[in-house]
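Heads up: the structure comes next, in structure tokens.
The values are calculated or read from the model by the stated rules, or taken from the named source; none is laboratory data. The shown structure was predicted, so the numbers you read here are calculated from the model rather than taken from an experiment. We place every Cβ from the backbone using ideal geometry, glycine too, and count neighbours over all the protein chains shown. Keep in mind that these areas ignore ligands, DNA and RNA; they rest on the heavy atoms of the full protein, side chains included. Shrake-Rupley method; radii C 1.70, N 1.55, O 1.52, S 1.80 Å.
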Amino acid sequence: MIAQRLADLDRGPRRTAISVAVVVAALTIGAVVIAILRSIGVADAAPAFLLAVVVVAVLRGTGPAVVTAIGAFIAYDFFFIEPLYTLTVRDPQEWLNLLLLLVVGIVVGRLAGASRARA
């Protein structure tokens, strides 16, 4: 396990750059999907970010998937929770949604990443 982690680190900046690009693209697409769903009346579209986490986990592995889950948590709070464009949460009920998004995203990302590693 540790040897595999060290081997992953040795792959260099190109691998990291690709992973960053995939994470940013997945989060951007997820945010656009959520904006579209909310514009047509879907109240809680946060699970669209979970799909982004799974896609990143399958394409890039566990580490980028966990980063995507954390990014989804921050992006959902910043762009879709009142007050908008702050990291403040007015409604305490929204904290549950945010924390569930974070925890489920991390768990799903780790599971999908582990499945990728086994394959």
Residue list for region 83-119, restricted to those being aromatic (Phe, Trp, Tyr) and in a helix (DSSP H, G or I): Trp95
Unmet criterion (only one of (1) in contact (Cβ under 8 Å) with a residue 12 or more places away in the chain; (2) surrounded by fewer than 17 Cβ atoms within 10 Å (Cβ to Cβ); (3) closer than 22 Å to Ala17 by Cβ) for Val55: (2)
Pro83, sole failed condition from (1) farther than 19 Å from Ser19 by Cα; (2) open to solvent by 60 Å² or more (accessible area, probe 1.4 Å); (3) over 17 Å from the mean Cα position of the chain (by Cα): (2)
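So is Pro64 out of contact with any Phe, Trp or Tyr (no Cβ under 9 Å at 6 or more places or on another chain), in a helix (DSSP H, G or I) and not hydrophobic (A, V, I, L, M, F, W, C) or not?
Details: out of contact with any Phe, Trp or Tyr (no Cβ under 9 Å at 6 or more places or on another chain): yes; in a helix (DSSP H, G or I): yes; not hydrophobic (A, V, I, L, M, F, W, C): yes.
Yes.
Would you point out the residue of region 63-80, among those that are open to solvent by less than 60 Å² (accessible area, probe 1.4 Å) and touching a Leu at 6+ places or on another chain (Cβ under 8 Å), that is nearest to Leu99 (Cα to Cα)?
Taking region 63-80 and keeping what is open to solvent by less than 60 Å² (accessible area, probe 1.4 Å), we get 63-66, 68-69, 71-73, 75-77, 80.
Subset that is touching a Leu at 6+ places or on another chain (Cβ under 8 Å): 68-69, 71-73, 75-77.
Values: Thr68: 14, Ala69: 11, Gly71: 13, Ala72: 11, Phe73: 8, Ala75: 13, Tyr76: 11, Asp77: 10 Å.
Looking at residues that are open to solvent by less than 60 Å² (accessible area, probe 1.4 Å) and touching a Leu at 6+ places or on another chain (Cβ under 8 Å), I get Phe73.
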Cβ-Cβ under 9 Å pairs, at least 6 apart or on other chains, region 73-102 side free of Cβ contacts under 8 Å to residues at least 12 places away in the same chain and farther than 15 Å from Val32 by Cα, far side of a type in the set (A, V, I, L, M, F, W, C) and assigned to a helix (DSSP H, G or I): Leu84/Phe78; Tyr85/Phe78; Tyr85/Phe79; Thr86/Phe78; Leu99/Phe73
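Does Asp44 satisfy being in contact with a helix residue (DSSP H, G or I) (Cβ under 9 Å, 6 or more places away or on another chain), surrounded by 19 or more Cβ atoms within 10 Å (Cβ to Cβ) and of a type outside the set (Gly, Ala, Ser)? Can you show your working first?
Details: in contact with a helix residue (DSSP H, G or I) (Cβ under 9 Å, 6 or more places away or on another chain): yes; surrounded by 19 or more Cβ atoms within 10 Å (Cβ to Cβ): no; of a type outside the set (Gly, Ala, Ser): yes.
So Asp44 does not fit the description; no.
Quick grid of which residues meet (1) more than 20 Å from Val103 (Cβ to Cβ); (2) modelled with pLDDT of 90 or more; (3) open to solvent by less than 20 Å² (accessible area, probe 1.4 Å):
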{"site": "Asp10", "(1), (2), (3)": "yes, no, no"}
{"site": "Pro13", "(1), (2), (3)": "yes, no, no"}
{"site": "Val22", "(1), (2), (3)": "yes, yes, no"}
{"site": "Ala25", "(1), (2), (3)": "yes, yes, no"}
{"site": "Val33", "(1), (2), (3)": "yes, yes, no"}
{"site": "Gly61", "(1), (2), (3)": "no, no, yes"}
{"site": "Val89", "(1), (2), (3)": "no, no, no"}
